[in-house]
Each structure stands twice: as structure tokens, then as C-alpha cells.
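Here the structure is laid out as C-alpha cells; the discussion comes afterwards.
No lab work stands behind these numbers, since they all come straight from the coordinates. It should be emphasised that the depicted structure is a prediction, and the values quoted were computed from it without experimental measurement. Reconstructed Cβ throughout: ideal geometry from the backbone, glycine too, with neighbour counts over all protein chains shown.
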Amino acid sequence: MNLEKLLYDAYGYTEFRPGQKQVIEQVLAGRDVLALLPTGMGKSLCYQLPGKVLPGAIIIVSPLLSLMQDQVAQLKKMGEKSVIAINSFMKPEDRERVWNTLSTYKFIFIAPEMLVQPYVIGKLNALGISLLVADEAHCISQWGFDFRPDYLRIAEVLPKLGNPQTLALTATATDKVTDEIKRYLKLIDPFVYSHPMDRKNISYDIRKFDNDSDKLEELLNIVATYGGPGIIYAGTRRKSQELAERILALGMRAAFYHGGMEQQDRIFVQQQFANKELEWVCATNAFGMGVHIPDIRHVIHFQLPSSIEGYVQEVGRAGRDSLPSLATLLYAAGDERLVESLIMDDLPEKHEIELIYERGEEAKQLIEQGMIRETAYRIISYWRERLPLEGTLNQIEQLKKEKQRQAASIRGLVHTSACIRQYISRSFDQENLEIPPNCCSFHGIDYSLFKGLQNEPKASPKGSWKERLKVLLPI
Amino acid sequence: MRFDEVVLAIMKAVDGQRTVSSPYHLIKGKKSGQTIQDIGYFRLHPYFAVLPKLDKQDYLASIDRLQAQGFLIPNDNKVQLHGSAFALEIPSAPLNGWKYRGNENRFFARLSLVVQTMSNFMQGQKRFDPVVTDETVQAWAKAYLKRIDFRSSAVQEAFKNQLENSLALAKTSEAHKAILMERLSGCGVGGLTWDQLAMEHGLLPIDVKIAAVEALHAWLDVLEGMEYPLLAGMLEGIIQQSALTESAKRTQNLSERGFSLQQIAELRQLKTSTIEDHFVEMAMNDPAFSSAPFMDEQLFQSIHHISKELKTMRLRDIKERLPEASYFQIRLALAMRGDVI
């Protein structure tokens, strides 16, 4: 089969991006595949194109509602019409309609908690599944930074679905996580494609300060000197708002973005950024999904990320166009304390575990009373069905150690007195890198490369409503 | 109108008779019997459901401001206004919440997608990320665009002209219209967030939201005139035909078929108190509603008499003087004052 021709006929592209062709060939050859492709490398094409050839449905299991919605929107934008997303937030009347017309869809996105329901399994089996895609497959691993217990249930469903051919996709995975993905998804002699994590066009810069005010001053200095478009990751919603105000006060175009804003406003900020109406977006880690902008020049961390994986994912939003881009991590003494407390806050406490074991389903009511937290309930009720109390306590203890390891590796990143690029690669078990020019602050960066890169951002039309209307509908 | 003025306008009406959180429920459009009934009692139709997504924190911030300015006296039980609040002139606004009930937002979502699509196609851009993600709205907009043949430049021009001419006639300020247009997106132009608009117009974000609702209500009033068919086409299902809530409508149907209050409660498997709420709602909205099945004429007159004498609509005060009347009878009689709607 001529894949290039298929690609051109289906989507009008003339060539594949690195990795896509190898993965697609193996998928079409009927093999299980595990593909590690950095974000922005066109992961979804790896199942989209096979969908053009394979006879049955492509089921894509996706862990996050917002991610699912974004992918559906992207597929539709590429002209794909037979796409549907099934999640537990659907209205009953919509669900009814979807079940009755399921066979008319080629690409079926589904949340893991829906996939395990017997009714759903029956419907999917009647359909005939050509390929099961586990998107963000690292969520299956409890060693991953993004563990979702619901995801483990995929493994339990596979036999009931007749063990379909599986494609596991992820952007970030260490060897340990890769092993778990293979094991849980029961991948049989899988073809593993692992794209180098390393992004040569990104220069890693770390700057350390004794206190917060120096750090802030440096940030303002940086945004005044170097250009955008750029993302500034702040640790909290309040901080993102505060930073945007400071940058606006300098006369630059900035906005804040966080999960507490209404959805329409979040879309507006994404659009403005994509339209170059904004130079800087100050955001929490809620910003990123649904942002498909190739020429982000600068990603600044004003707060320590909570894991290397998260850091790489956020930094990886820069320079998708392969042009030189800067990743700056700003650190003030004591910053790690906030991160460590955030990380540990996520873990179920011993008393929560015991309560959930004691009360079972009823423990749900304790969430409202503030006795236990929802995340703790979700994780522990999964284990409760599978392990005795001792086993789960042990599991969580292991998890705690893993989180501590993650925190330590972030601390190590900040305080490393060697090459930052190599430090990051090593945490993904990838070694022997060549050092590109402008590698990192250890090997030296020619900052003049990044100075004044910014295009003058477009002024958004102000003035009377009639003028605005004329800009919107220029006829 | 500023948000604080909306709150104050409601408080002036319910002063001393309702809790401090009652304006919050009204502004959010809560469909409880109490809230619905208050609209009639206190003539609060303009403000019902003007901000369905109102955040409790935003409301409490407004309460803090009103207290700090001395208009509102801190009181845990009921609204207690200072004399200065009554002296304060509150500007009139084209708000018509009881009629639109938050549906104006659906109209605006449709408009946002239609304008964005036309804007992109006019400029040769056929692929873009839709600014509204709700699939029902997307499906509606797609069908509408197809129906009006939106690719034709004559249609595009007519659309723009109708939009401009009708909005020009809307009885609201130019600044409010600007806020509304700035919430629209087009090719290479993103809509502005509430915070951005607040900064630009020197207002609070919550004030900008109210301004947008005012502009929408004033505009919808013009569009209903049907002289702008391309825009009127977007009103489908937006304007409530019956003033009753859905549930009350069902109760009304059963009542018209001769079922008693008790029977309706059993048939619908709802609490008697809920069905009573529906009758109160019907009493408020239907000029022909008769109280005869529920009380004799004499009791009806006594309730009104005492309400006038005591200058109150507090049920408890009336009940104290008229222990033989049930709370339901009092509510029903008050709802039928004849000057509602």
C-alpha cells in the first residue's frame, strides 16, 4: 500500500512527520504497537490513517474529558465527520441517540469509566473493533505522574472485547512506565517506536534567586528583553492573574488563563494567543491542551513543575516549528517546599484508606462531610476491590516513595551543576545525546538569538461597536 | 446598570421581608416556588435569571460593597436597607429577565458561531476552531447557515446590514453595544474575556456581564419585531411562549382536565407543596385564575385587607392575624393581586 498517497488523498499532506509512518505501517500489519511520540508530533494521525483502511471501528480510550473534546474537535477540523465522544457527562437523551447510531461512526472516543460497563461492551462488540487505542497510555502506570486508576480497568475489559489489536500512545514514559503499559495492556510482542524525547531546538535555561521579589523582577526583565509568543506557567490561579497584570502594566499584551475561568473566556484567550493578539499567556498547568500553535518561542516556569514529565510536556509546547526556542525556569530559594506539599496533598492518607475499607460504598458520603477527599476515594475504592487493606497501604507507601522520587528529581534539575538536557534525558532512561549549540545554561546560550524576536502583536480593534463589526464582517 | 444597582433594586422591593440571599436566587433564576412567587409579589420581573451562572463569591462581594457604602445594614435574617438606599436613584434598564430567562445566552452562542463562520469564509478561511464548543449549538448553527445560503455574498451583506441596523435601534448605550460586539470572534480576531472588557471599560467584570445582558435584552426586543428576518431566524426556541415553568405547565394541563391538587400530586408523584407552588405560579400569570376551588370569597378578601393594613407581604405576619387561613391560601390570594405581570 502506498501510504504517502493515502495520506495525501485523505488529508492533503505530502509527507509524514517522524515516526508516523513506521507506526502506521506496523498497525496496518496487524501488530500491537507502543508509540512514544512527543506532544505535537501528530500522534492522532497514527490511528486516523489506519481508520481509512481498516474495516471496523477505531475505539480511542481517553483519560481526560477536555482532551477528548479537543481531539474530536481537531478530527472534525480535518474534515473527519464520523467522530463521536462518549462520556458520562452526556445527557440521557443524547446517549440514547448515540447508542442507536453507533455503527455510523468510525472513530469512537470513550472515557475509561464508560468502557467497563457491560452494556457498552455489548454495543462495541456488536460493532466490530478494528483497533483499540489507549491514548495517554502512561496514565495506566501508577509510577507515572498522571496515574488514573480508571485506566487500569481497560486491562480488565480487553478479554471481553475479544483482545483487539491495540495501539498505545504516550508522549512521556520512562522504562518503568513503558514496561507497565506493555504488561497491563497485554501487548503481544509489540512494535515499540520511541522518538527521542530531546528537542534540539529548545534551549534550557535555569536562573536562581535568593528571594521572590528578585525572581519577579527577573521575569519582568525577561519579558521586556526577549520576545514571545510565550507561556508563563505560574503555580496558582491567583499568581497567573497577578503576573498578567504586571506584564500588562509594562505595556505588553498579556492575559491570564486558568481552570477557574468560564469556558468561553478560556477559548477567547486561546484564540487571541493563536491570532497573535497576545504575546504572553500567564497560566496554570490547565493551559496547553487545545493550544495548537507552532511558533511559541518561549516557555517560562515561574514556579517549579511537580514532575520532570510535566515539565517536559509544558516545555514541549515551545518551538513546534523547529526554530530556536527558549525554556526558562525561574527559581527562588524555598520554591520546592510548595511543590512538595502539593504533590503529597494528592496522596490518600492512612486514615482515609482505613475509613474507605471500613465503610465501603458508604464512604462516598464522607467526601461531602470533608472526612476524605474525592481523589483518595477514587484511588482507594479501586484497590479495595482487589487488595486487602495491608496490600493497599503498601501500594500507597510505594506510591509515596515514587512521588518523593519525582520531587527529588525536580530538585535535582534545579540544582544540577551539569548539562540540563542530559539531566532530563537521563530521567527518561535515554542516554548519549549530542550537545546542540545553545544547549542549556550549563553549556552556554547565545541569548542574542532570542532578543527582540517578537512580531509586533496585532492590536485588537477598539472603538465603536460599528467599527468592531466592520472588522468582524468586512464586506 | 451596575450589578450592585441590580441587587439594590431587588432589595428595595423586598426590604425587611426576605433574606439577604433571596436576590441571589432571583438573579440566578432559581425556579423554586418562593422565588417565582416573589417576582409577582414584588414586581421583580426584569431581574429574574439575568445571570444564570452568577458565582456566589461575586454576589457576596457585592453585599460587602453595599454594606461598606452604608446602603445595607448587616443583618443575618433579612434584608435591612438604610434610608440612603431609598434616596438613591437607580437608573432604569432594558432588562427583561422574566421573558428571556437566560435563553438570550443561547441566542448569543448561535450568533457567535454564525458571525465567526461568515467572518472566516469572507476572508477565504474554511477551517477554524469553533468558538462555541456546545454540540447542540454547533448543529443548530450549521443547519441555519445552510438554510440561509451563507456563502452568497448578497446574504452576507444582508446579514451584516440587518445586524447593524437592528442593533442601532436597541434602546441601550453605545458602550453596552460595544461590549456585546467585543464578545464576538472572527477571522484573526478573538472575543474579549470579561476581565479584559472590565479593564477596557473601567468597570468590574460583573458589571460588564450585566451590561452585555442589558444590550442583549434591548436588542432582542427589536429583533422580535420581525423586520430583520435573518436575525429573527436565530430566535427559534429562545422566547418562552408560556410564562409558566415547564413543570407548572404540566400541572396546569392536569388541572384543566379536572384533576384536583391532591390528585395531581399523586399522579405526578410530586410533593403537595410542589403542586401548590405551581398553582401560585398559575395564579400569578393567569388573569382568569379563580381562587374559588381553594377558599371562599370572604377569606380571599380578608387576606388582602390585612396585607394592605399591615403593609406587608410576609406570610407569617398575615397568618398571625388570620390563623384560619393556610399558608397556601395566603400565597395564592397575594399572587392574585391583579397588578402582577
Exercise. From the phi of every residue in region A:173-180, what ³J(HN,Hα) in whole Hz does the Karplus formula 6.51 cos²θ - 1.76 cosθ + 1.60 yield, where θ is phi - 60° and glycine or proline is x?
Worked result: 7, 7, 4, 4, 5, 4, 4, 5
Seminar exercise, completed: Here, A:LEU387 and A:ARG246, labelled 7 Å along Cα→Cβ, have an inter-label distance in nm of 4.2 nm
Seminar exercise, completed: Counting Lys and Arg as +1 and Asp and Glu as -1 over every other residue whose Cβ sits under 12 Å from the Cβ of A:GLN71, the net charge comes to -1
Exercise. With labels modelled as points extended 7 Å from the Cα through the Cβ direction, what inter-label distance (nm, one decimal) is found for A:ILE475 paired with B:GLU164?
Worked result: 1.1 nm
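Trypsin sites (Lys or Arg not before Pro), restricted to region B:109-214: which are DSSP loop and have at most 10 other Cβ atoms within 10 Å? Before the final figure, lay out each step's value.
Values: sites: B:ARG110, B:LYS126, B:ARG127, B:LYS142, B:LYS146, B:ARG147, B:ARG151, B:LYS160, B:LYS171, B:LYS177, B:ARG183, B:LYS209; in loops: B:LYS126, B:ARG127, B:ARG151, B:LYS171, B:ARG183.
Here the trypsin sites (Lys or Arg not before Pro) that fit, given the DSSP loop and packing criteria, are B:LYS126, B:ARG127.
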Exercise. In percent, what relative contact order does region B:3-92 have, based on Cα pairs under 8 Å that are 6 or more apart in sequence?
Worked result: 37 percent
For this session: Tell me which residues come under 5 Å, amide H to amide H, from A:PHE256 once H is placed; ignore anything under 5 positions away on its chain.
Result: A:CYS282
Problem set entry | For the protein assembly as shown, with +1 on Lys and Arg beta carbons and -1 on Asp and Glu, the positive-most of A:GLY260, B:HIS45, B:VAL189 along the dipole | B:VAL189
For this session: With unit charges on the beta carbon (Lys/Arg positive, Asp/Glu negative), name the residue among B:SER302, B:SER260, B:SER247 whose Cα is farthest towards the positive pole of the charge dipole of region B:246-335.
Result: B:SER247
Problem set entry | Taking chain A and dividing mean pair separation by its residue count, relative contact order in percent (alpha carbons under 8 Å, at least six apart) | 15 percent
For this session: List every residue whose amide H lies under 5 Å from the amide H of A:ASN438, counting only residues 5 or more places away in sequence or on a different chain, with H placed 1.01 Å from N in the peptide plane.
Result: A:ASP446
For this session: Excluding residues fewer than 8 places away in the same chain, name every one of the aspartates and glutamates whose C-alpha is closer than 13 Å to that of B:LYS171.
Result: B:GLU214, B:ASP221
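Fewest first, what order do A:CYS282, A:CYS440 take by the number of other Cβ atoms within 10 Å? Walk me through the intermediate numbers first.
Values: A:CYS282 29, A:CYS440 23.
Ranking A:CYS282, A:CYS440 by Cβ neighbours within 10 Å, fewest first, gives A:CYS440, A:CYS282.
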For this session: Enter the angle in degrees (range 0 to 90, nearest 10) between the Cα long axis of helix B:33-42 and the first principal axis of the Cα atoms of chain B, meaning the one along which they spread out most.
Result: 90 degrees
Seminar exercise, completed: Relative contact order of region A:60-143 (C-alpha contacts under 8 Å, at least 6 apart) in percent is 44 percent
Exercise. Where both partners of a DSSP beta bridge lie in the protein assembly as shown, what percent of those bridges are antiparallel, to the nearest 5?
Worked result: 5 percent
For this session: Calculate how steeply helix B:205-223 sits against the longest principal axis of the alpha-carbon atoms of chain B, using the helix alpha-carbon long axis, and give the answer as 0 to 90 degrees to the nearest 10.
Result: 80 degrees
Exercise. In straight Cα distance, which lysines are under 28 Å from A:LYS451, not counting same-chain residues fewer than 8 positions off?
Worked result: A:LYS200, A:LYS208, A:LYS215, A:LYS239, A:LYS276
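Take the residue pairs A:LYS364/A:LYS400; A:LYS21/A:LYS186; A:LYS81/B:LYS160 and return only those whose Cα atoms are more than 27 Å apart.
Details: A:LYS364/A:LYS400 23 Å; A:LYS21/A:LYS186 24 Å; A:LYS81/B:LYS160 30 Å.
Flagged as over cut-off: A:LYS81/B:LYS160.
About the Cα centre of chain A, what is the dipole size in debye to 20, counting +1 per Lys and Arg Cβ and -1 per Asp and Glu Cβ, all else neutral? Walk me through the numbers on the way to the answer.
Numbers: 57 positive and 60 negative charges, 253 e Å.
Roughly 1220 debye, rounded to the nearest 20.
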Exercise. Does anything in region A:219-258 have its amide N under 12 Å from the 7 Å Cα→Cβ label point of A:LEU342, and if so which residues?
Worked result: A:233-240
Seminar exercise, completed: Computed on Cα atoms, Rg of chain A relative to 2.2 N^0.38 Å comes out at 1.02
For this session: Mind sorting A:HIS301, A:HIS195 by how few other Cβ atoms lie within 10 Å of their own Cβ, fewest first?
Result: A:HIS195, A:HIS301
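Given region B:246-335, what count of lysine pairs have C-alpha atoms under 29 Å apart, with each pair 8 or more places apart or on different chains? Let's see the in-between values first.
Working: B:LYS249/B:LYS271; B:LYS249/B:LYS319; B:LYS271/B:LYS319; B:LYS308/B:LYS319; B:LYS311/B:LYS319.
The number of close lysine pairs in region B:246-335 is 5.
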Exercise. Taking θ as phi - 60°, what are the ³J(HN,Hα) couplings along region A:209-216 by the Karplus curve (6.51, -1.76, 1.60), each to the nearest whole Hz, with x for Gly and Pro?
Worked result: 9, 7, 8, 4, 5, 5, 5, 5
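Dipole size in debye (nearest 20) for region A:294-354 around its Cα centre, Lys and Arg Cβ +1, Asp and Glu Cβ -1? List each step's numbers first, then the result.
Working: 5 positive and 12 negative charges, 93 e Å.
With only Lys, Arg, Asp and Glu charged at Cβ, the dipole is about 440 debye.
Any idea what the alpha-carbon Rg over 2.2 N^0.38 Å comes to for the protein assembly as shown? Don't jump to the answer; show the numbers that get you there.
Details: Rg = 30.3 Å, N = 816, 2.2 N^0.38 = 28.1 Å.
The value comes to 1.08.
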Exercise. To the nearest 10 degrees, how steeply does helix B:104-122 sit against the main Cα axis of chain B, on a 0 to 90 scale?
Worked result: 0 degrees
Problem set entry | Where labels lie 7 Å past Cα in the beta-carbon direction, separation of A:SER194 and A:ASP175 in nm | 0.8 nm
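Please order A:ILE58, A:ILE129 by the number of other Cβ within 10 Å, starting at the fewest.
By the 10 Å Cβ count, ascending: A:ILE129, A:ILE58.
As an exercise, find the ratio Rg/Rh for region A:71-167 from alpha-carbon atoms, using the Kirkwood inverse-distance average for Rh.
On the way: Rg = 13.8 Å, Rh = 14.4 Å.
On the Cα set of region A:71-167, Rg over Rh gives 0.96.
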